[in-house]
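The values are calculated or read from the model by the stated rules, or taken from the named source; none is laboratory data. Quick caveat: nothing in here was measured; it's all calculated off a predicted structure. We place every Cβ from the backbone using ideal geometry, glycine too, and count neighbours over all the protein chains shown.
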Amino acid sequence: MKGGMLSVMQIHTVRRNDSLWNLAQQYGVPLQHIIEVNSIADSDSLVVGQALIIPSPTGNRTHRVASGESLWAIARQYGLSLTELAAANQITNPALIQPGQVLIIPSPTLTAIEVNGYMERMGDEAAAEIKQLGDELTYVTIFSYHIKEDGTLVEPDDAKLIEAALASGVAPMMAITNIANEGFSSELIHEVLNNQLSYTHLITTVSNTMQERGFKALNIDFEYIPPEDRELYNSFLRDITQHLHQFGWLVSTAVAPKTSAEQKGKLYEAHDYRAHGEIVDFVIIMTYEWGWTGGPPRAVAPLNEVTKVINYALSEMPANKIMMGVPLYGYHWTLPFVEGESRAAALSTEAAVRLAREQKAAIEYDNTAQSPHFSFYDSERKEHVVWFEDARSLQAKFNLVKQYGLRGISYWKLGIQADMNWYLLSENFTVKKLT
């Protein structure tokens, strides 16, 4: 069964007995183009349920008008406006098209968005990846600078990453976090927000570091803030944003995926969507990790849940301040799941498809979550479950960005093979640059 049609290409879901050669003939696309776009190795067989991107045929596309078709319906089918399709065919009266008439289908104007990618790794390989993805990124967020109780920072060795970003036209964004030892620390951020000397010193330290290292933007990712510190955190955002704006730098926050202002839990309560929307330049909403390494099998970013979060966010802040989080990974669980003991392993789209091929498992697609998954049993009769992202699930997320006119997309995280994603991104959007 074919997937939904895109502007200049299609997504095909592999059926039993499909072959690359047959698909090339069916779609009128050179075989090598399909292989390259989907990063298919010579020895790879297709997996039932696998999503393949079918690039557009070379040259102009055409459409032969069927009986009863309207120009409006044809335009919608190809992601075009009525005006775009009419102009390409010099049609002055859209009502006067005839069955059998051949229309030229132009490529539509792509939506312009901002794209951020978090980078945890340091060194030459990470710098090379930033250069490789330069055209697809507005920002690269270096993760992370850890705050200390006295308002100073634990600094990563990120000089090569910043240099690569600036050389590639990508704005380096500094991420500050309240990570200490094993994870985000409520005690640490409470101490800094409630100690005036630490509070003030942190703002100065961040400003000086951004100046020295060449950052263009700041991302504040403080998590598990005690609920009673909510207003102090809002005040901190006002103060640091006002200070950094003097230098022309942008300020953003990373927030937990909330669906209401009253949502309980330390992860959520101190993240005030309305205040963030008023204070900072943009907000990165972490719309992923429903399925996570310590939880039971589930889609990482189920579209139905993501949509609830975005709808709530839109009630509290303008669309042009919302960057929607998108994961570039999935998880592989070994059952039975034991709360507090089981740990799922992260894997890329390519690794997930490879595993399905090795295990001869058919890939299924959950239409509610808009996410692919599969399961299999190992030699010890233990069940394994994998949820991941593919062209269909990514396209569904991209459509949400377009539908709501969001500022853009923020990927967690770079350093994971995601060739399909970057091709799909370029087919859907143009990427804005700061300069």
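With respect to the numbered conditions (1) of a type in the set (A, V, I, L, M, F, W, C); (2) free of Cβ contacts under 8 Å to residues at least 60 places away in the same chain; (3) surrounded by fewer than 15 Cβ atoms within 10 Å (Cβ to Cβ), which one is the sole condition not fulfilled by Ala164?
All conditions are met except number (3).
Can we say Thr209 is in contact with a His (Cβ under 7 Å, 6 or more places away or on another chain) and of a type in the set (S, T, N, Q)?
Details: in contact with a His (Cβ under 7 Å, 6 or more places away or on another chain): no; of a type in the set (S, T, N, Q): yes.
So Thr209 does not fit the description; no.
With touching a His at 6+ places or on another chain (Cβ under 7 Å), under 22 Å from Ser371 (Cβ atoms) and aliphatic (A, V, I, L, M) as the only criterion, which of Ala344, Ala301, Ala313 stands out?
On the way: Ala301 fails: touching a His at 6+ places or on another chain (Cβ under 7 Å); Ala313 fails: touching a His at 6+ places or on another chain (Cβ under 7 Å).
It is Ala344.
Counting only residues that are of a type in the set (S, T, N, Q) and under 19 Å from Gln395 (Cβ atoms), which one in segment 48-59 is modelled with the highest pLDDT?
Start the filter on segment 48-59 by keeping residues that are of a type in the set (S, T, N, Q), which leaves 50, 56, 58.
Filter once more, keeping what is under 19 Å from Gln395 (Cβ atoms): 50, 56.
Numbers: Gln50: 98, Ser56: 78.
Checking each candidate, the answer is Gln50.
I'd like the full set of residues that are under 31 Å from the mean Cα position of the chain (by Cα) and not aliphatic (A, V, I, L, M), limited to segment 378-395. I'd like the intermediate steps shown before the answer.
Step one: list which residues in segment 378-395 are under 31 Å from the mean Cα position of the chain (by Cα), which gives 383-395.
Result: Glu383, His384, Trp387, Phe388, Glu389, Asp390, Arg392, Ser393, Gln395.
For segment 45-56, what are the residues that are in contact (Cβ under 8 Å) with a residue 40 or more places away in the chain and buried (at least 16 other Cβ atoms within 10 Å of the Cβ)?
Residues of segment 45-56 in contact (Cβ under 8 Å) with a residue 40 or more places away in the chain: 45, 47-56.
Those that are in contact (Cβ under 8 Å) with a residue 40 or more places away in the chain and buried (at least 16 other Cβ atoms within 10 Å of the Cβ): Val47, Val48, Gly49, Gln50, Ala51, Leu52, Ile53, Ile54, Pro55, Ser56.
Is one or more of the residues making up segment 57-78 under 20 Å from Arg354 (Cα atoms) and either under 23 Å from the mean Cα position of the chain (by Cα) or surrounded by 14 or more Cβ atoms within 10 Å (Cβ to Cβ) (or both)?
Here is the first cut: in segment 57-78, the residues under 20 Å from Arg354 (Cα atoms) are none.
For segment 57-78, residues under 20 Å from Arg354 (Cα atoms) and either under 23 Å from the mean Cα position of the chain (by Cα) or surrounded by 14 or more Cβ atoms within 10 Å (Cβ to Cβ) (or both): absent.
Being part of a helix (DSSP H, G or I) and surrounded by fewer than 20 Cβ atoms within 10 Å (Cβ to Cβ): is that true of Ala275 here?
Considered against the rule, which asks whether it is part of a helix (DSSP H, G or I) and surrounded by fewer than 20 Cβ atoms within 10 Å (Cβ to Cβ), Ala275 comes out as yes.
Hey, Ile409 hits all of (1) out of contact with any strand residue (DSSP E or B) (no Cβ under 6 Å at 6 or more places or on another chain); (2) buried (at least 20 other Cβ atoms within 10 Å of the Cβ); (3) outside any loop (DSSP other than H, G, I, E, B) but one; which does it fall short on?
(1)
For Gly265, are the conditions met, namely being of a type outside the set (A, V, I, L, M), surrounded by fewer than 16 Cβ atoms within 10 Å (Cβ to Cβ), in contact with a Gly (Cβ under 9 Å, 6 or more places away or on another chain) and modelled with pLDDT of 95 or more? Break it down into steps so the answer makes sense when it comes.
Numbers: of a type outside the set (A, V, I, L, M): yes; surrounded by fewer than 16 Cβ atoms within 10 Å (Cβ to Cβ): yes; in contact with a Gly (Cβ under 9 Å, 6 or more places away or on another chain): no; modelled with pLDDT of 95 or more: yes.
Spelling it out, it is not the case that Gly265 is of a type outside the set (A, V, I, L, M), surrounded by fewer than 16 Cβ atoms within 10 Å (Cβ to Cβ), in contact with a Gly (Cβ under 9 Å, 6 or more places away or on another chain) and modelled with pLDDT of 95 or more.
If the requirement is being assigned by TED's automatic domain parsing to the domain that holds Leu250, out of contact with any Cys (no Cβ under 7 Å at 6 or more places or on another chain) and touching a residue at least 24 places away in the same chain (Cβ under 8 Å), which of these qualifies: Asn234, Asn208? Talk me through it step by step, then tell me what you get.
Details: Asn208 fails: touching a residue at least 24 places away in the same chain (Cβ under 8 Å).
From the options Asn234, Asn208, the qualifying one is Asn234.
Being surrounded by fewer than 20 Cβ atoms within 10 Å (Cβ to Cβ), in a loop (DSSP other than H, G, I, E, B) and in contact (Cβ under 8 Å) with a residue 40 or more places away in the chain is the filter here; which residues of segment 243-262 pass it?
Phe247, Thr259, Ser260, Ala261
Suppose we filter segment 87-146 for residues that are touching a Gly at 6+ places or on another chain (Cβ under 6 Å) and surrounded by 19 or more Cβ atoms within 10 Å (Cβ to Cβ); how many remain?
5
If only one of Glu389, Glu358, Glu364 is within 23 Å of Ser39 (Cα to Cα) and free of Cβ contacts under 8 Å to residues at least 12 places away in the same chain, which one is it?
On the way: Glu389 fails: free of Cβ contacts under 8 Å to residues at least 12 places away in the same chain; Glu364 fails: free of Cβ contacts under 8 Å to residues at least 12 places away in the same chain.
Going through Glu389, Glu358, Glu364 in turn, just one is within 23 Å of Ser39 (Cα to Cα) and free of Cβ contacts under 8 Å to residues at least 12 places away in the same chain: Glu358.
With a cut-off of at least 1 residues that are at pLDDT below 95 and polar (S, T, N, Q), name the helices (runs of 4 or more DSSP H) lying wholly within segment 60-138.
Values: elements: 71-77, 82-88, 124-132.
Qualifying helices (runs of 4 or more DSSP H): 71-77, 82-88.
Within segment 174-182, does at least one residue satisfy the condition of being of a type outside the set (A, V, I, L, M), modelled with pLDDT under 95 and more than 24 Å from Phe282 (Cβ to Cβ)? Give the steps one after another, and end with the answer.
So in segment 174-182, the residues of a type outside the set (A, V, I, L, M) come out as 177-178, 181-182.
Going one step further and asking which of them are modelled with pLDDT under 95, we end up with 181-182.
Subsequent filtering for residues that are more than 24 Å from Phe282 (Cβ to Cβ) retains 181-182.
The answer is yes; a qualifying residue exists.
Tell me whether segment 393-405 contains one or more residues that are outside any helix (DSSP H, G or I) and out of contact with any Lys or Arg (no Cβ under 7 Å at 6 or more places or on another chain). Steps first, please.
The initial filter retains those residues of segment 393-405 that are outside any helix (DSSP H, G or I), namely 405.
The next check asks that each one be out of contact with any Lys or Arg (no Cβ under 7 Å at 6 or more places or on another chain); those that pass are 405.
Within segment 393-405, one or more residues are outside any helix (DSSP H, G or I) and out of contact with any Lys or Arg (no Cβ under 7 Å at 6 or more places or on another chain).
Please work out which residue is farthest from Glu129 (Cα to Cα), limiting yourself to segment 163-220 and to residues that are among the charged types (D, E, K, R) and not in a helix (DSSP H, G or I). Lay out the reasoning, then the answer.
Keep residues of segment 163-220 that are among the charged types (D, E, K, R), which gives 163, 182, 187, 191, 212-213, 216.
Add one more test, that the residue is not in a helix (DSSP H, G or I), and what stays is 182, 216.
Values: Glu182: 27, Lys216: 19 Å.
Ranking the candidates gives Glu182 first.
Filtering segment 375-395 down to residues that are over 17 Å from Trp290 (Cα atoms) and not charged (D, E, K, R), which residue is surrounded by the fewest Cβ atoms within 10 Å (Cβ to Cβ)?
Ser379
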